[in-house]
Structure formats: structure tokens, C-alpha cells
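The values are calculated or read from the model by the stated rules, or taken from the named source; none is laboratory data. Keep in mind that what you see is a predicted model, and the values were worked out from it rather than measured. Because the Cβ atoms are built from the backbone with ideal geometry, glycine has one as well, and the counts that use them run over all protein chains shown.
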């Protein structure tokens, strides 16, 4: 996967020597991900990663000093594509069986689910996972993480170590006539420094592979939003200028070299409305 992102920008201009741009936001990340400082977090055990506290023997322990991480999960291909509630594949531009078709027209209301494998339990192969430090997989069975899944058995665990840039992404098509894009789901966030606002940050965004630019970004997650149980979120952005476009939807987390933060995501939904 192309490394599209190294820092957030403010008002469309890069604010630090961060390399390539990952998005546009009212927040700023000034990360030097090329250097690993002293006390660099290491991955525990066979695929486990230390989190805000850390992981002990693959169990669900949040806080304190933990032992070795649990065994990493094996990613398997999922089952058949299912249309989202309240919609059908025809409303998603013919997206079915994992293959996107032409741009469809939005009927009054909202489209079906634009994401494949949105619960991470089926069609996990629809997601492209990236870690600058190759700490994969990011989509893991709950037994290999510090939490229980919000639904099913698989979750996405991002962060959990220093000096890394991570993302999960997949191609989507914005239906013709869509005005807004609604992104919902659940997240948990554990941080060793829950008052930091400009250290470990995450965001979801729309990437245009043709123009090589971010064309839409959702609000940013930071350590001040720490919560130790699944919390729902719902974000809406304007996509009235993007109807019919083939884009990449991505969730990105950037970690600095100090305190460790873990971001967990599950049961996502992305729908277009007119």
C-alpha cells in the first residue's frame, strides 16, 4: 500500500517537517516517525502489542506493567458480501460480491453500507492494512487484543507502540447525487497520557487516488477521549462535490515517540445520503 500519510495539516498547509500529507483538520500532528527514541515500545510476545497500560499473556488488562503480549491472530478471507440495512447493492453503485460497479443514483434517503467487512468478522480481506514498522495484523481476533469485540470476535487495534504510522483502507464509490457521508461505529481508547492533545492522533478520511489528495476528513481522535468501554460515534461530512467518484476510505493513526496510546474500532458503517 502506498504510504499516503505522515502528518495532519492545518488549513491545508503542512505545519511541520512531517513528510507527506494525510489529511486536513483543525488539529495538528507534528510527528517525526523516522526516528525511534530511547525507550521505544517493542511488540510483546507473538503478535501482541503493549497498549496504554500493556497486555499480559494475551489477556484483557488495561493499565500497569504487563507481561508478554498474546499470540497474533491469523487473518482469513471472509464470506459473501451482504447489503447494509435499509439499502441494497443497487443503491451502492452495483457494489456486490466485493467488486465495485458503476456509480449508482441515490434514491431518496440513504444508501446501503458502502464498506465491505465493516464488522471485521467477514470479508477482512477487503481491508488493506499498513504499518510503517510492519506491526501487523491490525485487524485481530479479540483474544489477541486487550478488549472484547463490540460485535462478533474481531476488532481493529491500532497504535499500541511508539513511532509508527498505521492505516486500514478500502476502495469505495460515492453514489451519484449523494450530499453527505455518514460514518458511524464504536471505539475504545487507552492512553498512557490521557491529557495529551497533540501526540497520538487518529482520523478517518477520503483519499482520491487520481488527484493524490485528501478530499474529505472526519473529526480527530486524541488521548483526551480515553474511554475504557465501547463508545459509539457518528460523524457526517459534505460529499456533494464527490458524487460518482471512486475513492479510498481510510482510518489512520499516527504515534509519536513518547506515551503509548491504543485505538480500538469495531462495527463500522459508512452510508451516503441525499
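Could we say that residue 242 is farther than 26 Å from residue 145 by Cβ, touching a residue at least 40 places away in the same chain (Cβ under 8 Å) and within 17 Å of the chain's Cα centre (by Cα) here? Please lay out each step first, then the result.
Details: farther than 26 Å from residue 145 by Cβ: yes; touching a residue at least 40 places away in the same chain (Cβ under 8 Å): yes; within 17 Å of the chain's Cα centre (by Cα): no.
When the stated conditions are applied, residue 242 does not pass them.
Could you please find all residues in the range 121-134 being touching a residue at least 24 places away in the same chain (Cβ under 8 Å), part of a loop (DSSP other than H, G, I, E, B) and either out of contact with any strand residue (DSSP E or B) (no Cβ under 6 Å at 6 or more places or on another chain) or more than 20 Å from residue 181 (Cβ to Cβ) (or both)? I'd like the intermediate steps shown before the answer.
Taking the range 121-134 first, the residues touching a residue at least 24 places away in the same chain (Cβ under 8 Å) are 121-133.
Next cut, part of a loop (DSSP other than H, G, I, E, B) only: 121-123, 127, 132-133.
Across the range 121-134, the qualifying residues are 121, 122, 123, 132, 133.
From (1) modelled with pLDDT of 95 or more; (2) touching a strand residue (DSSP E or B) at 6+ places or on another chain (Cβ under 6 Å); (3) in a loop (DSSP other than H, G, I, E, B), pick out the condition that doesn't hold for residue 103.
(1)
Residues that are buried (at least 19 other Cβ atoms within 10 Å of the Cβ): which strands (runs of 3 or more DSSP E) entirely in the range 161-274 hold 2 or more of them?
Strands (runs of 3 or more DSSP E) meeting the threshold: 165-173, 180-191, 201-208, 213-217, 246-254, 261-273.
Quick one: how many residues across the range 115-153 are touching a helix residue (DSSP H, G or I) at 6+ places or on another chain (Cβ under 7 Å), buried (at least 21 other Cβ atoms within 10 Å of the Cβ) and farther than 16 Å from residue 189 by Cα?
Step one: of the range 115-153, the residues touching a helix residue (DSSP H, G or I) at 6+ places or on another chain (Cβ under 7 Å) are 116-117, 139, 148-149, 153.
Add one more test, that the residue is buried (at least 21 other Cβ atoms within 10 Å of the Cβ), and what stays is 116-117, 139, 149.
So of that shortlist, the ones also farther than 16 Å from residue 189 by Cα come out as 116-117.
Total satisfying the criteria: 2.
Check off (1) over 16 Å from the mean Cα position of the chain (by Cα); (2) touching a residue at least 60 places away in the same chain (Cβ under 8 Å) for residue 262 and give me the number that stays unchecked.
The one condition residue 262 does not meet is (1).
Answer yes or no as to whether residue 152 is outside any strand (DSSP E or B), at pLDDT below 95 and over 21 Å from residue 200 (Cα atoms). Walk me through how you get there before you give the answer.
On the way: outside any strand (DSSP E or B): yes; at pLDDT below 95: no; over 21 Å from residue 200 (Cα atoms): yes.
Against the criterion (outside any strand (DSSP E or B), at pLDDT below 95 and over 21 Å from residue 200 (Cα atoms)), residue 152 does not qualify.
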